[in-house]
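Contents: one structure, followed by commentary.
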Amino acid sequence: MAKEGKKKLIVGNWKMNLTVPEATILAERLKKEIVFVDGVETVVAPSFVSLYSVSETLADSAISVGAQDVFYEENGSYTGEVSAAMLRGLAKYCIVGHSERRIYFGESDRDVSQKVKALLTYDIKPIICIGETLREHSDGLSKVVAVSEAEAALRFVTKEDLENITFAYEPVWAIGSGKACHPDDAENVIQAVQKFIKALFGDKAADKIRILYGGSVNAENAKGFMKKNIDGFLVGGASLDHEEFTEIVKTTLKSS
Ligand code: PEP
């Protein structure tokens, strides 16, 4: 897989929103506002049905395209599923292990590790979501949960793969709630994950991995996170508003 430097990464997860024409219009708007810059890469992740149109719209633009999920088998009788082979050429990135998939669709740590493996085989960069529920947070388990999900996701990952791996620390209670995690707390959990990856692969290799924060990020609170050792954002709700999303990208750029 091609090597790239460690830029900050801003990912818009459009979830199950927008028809194909609506997704295409949003991509066109973002394309006009977000230009090539050195320190930041922007990604949007539309639904599967909009992937083709959005990737055509954003061809030769500063914005990369991601998928929201993948199935780990290559092809076959898996009605409704989409494989990494099918995503190749359409998506540079793919989100895996989002808490909504873990909670509503029973996605396990094992599934996540298999999906990561399949994506790497097809040169697609995984964005792996990790993070604790409210209950686990109240029980003081934020670091334990994030590290254990990270460990499981890295099961088939080699040292050489690390520069193509991104984690997104997304406390489940912060997603869509309007209550973002405190930047100090996010940094603490992220540092614990970094420490674990260093123990596993060594300092130099582990420095290549990016760890984003996600959970109720907006243009205003992004500034606080950017003062911390955080490599970017996974943005849900605010990524559907082109002005707000562009502002988050600009804020990140100013601090990069
Ligand atoms: C997400 O779903 O990944 C997310 C971070 O959502 P929101 O920004 O809406 O909290």
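The values are calculated or read from the model by the stated rules, or taken from the named source; none is laboratory data. Because the structure is predicted, anything quoted here is derived from the model rather than measured. Cβ sites come from the backbone with ideal geometry, for glycine too, and all protein chains shown count toward neighbours. SASA here: full protein model, heavy atoms, side chains in, ligands and nucleic acids out. Shrake-Rupley method; radii C 1.70, N 1.55, O 1.52, S 1.80 Å.
Can you find, within region 214-247, the residue that is farthest from the ligand (Cβ to nearest atom) among those that are in contact (Cβ under 8 Å) with a residue 60 or more places away in the chain and hydroxyl-bearing (Ser, Thr, Tyr)? For region 214-247, the residue satisfying everything is Thr246.
Within region 110-143, the only residue that satisfies the criterion of being more than 16 Å from the ligand (Cβ to nearest atom), among the hydroxyl-bearing types (Ser, Thr, Tyr) and not in a helix (DSSP H, G or I) is Tyr122. Scanning region 31-60 for residues that are part of a loop (DSSP other than H, G, I, E, B) and surrounded by fewer than 18 Cβ atoms within 10 Å (Cβ to Cβ) yields Val35, Phe36, Val37, Asp38, Gly39, Ala59, Asp60. Taking region 184-200 as the range and being farther than 12 Å from Glu151 by Cβ and of a type outside the set (D, E, K, R) as the test, the residues that pass are Ala186, Asn188, Val189, Ile190, Gln191, Gln194. If the condition is being of a type in the set (A, V, I, L, M), open to solvent by less than 70 Å² (accessible area, probe 1.4 Å) and free of Cβ contacts under 8 Å to residues at least 60 places away in the same chain, then region 3-30 contributes Val20, Ala23, Ala27. So in region 144-184, with the set limited to residues that are surrounded by fewer than 17 Cβ atoms within 10 Å (Cβ to Cβ) and within 16 Å of the ligand (Cβ to nearest atom), which one is nearest to the chain's Cα centre (by Cα)? Here the residue is Gly176.
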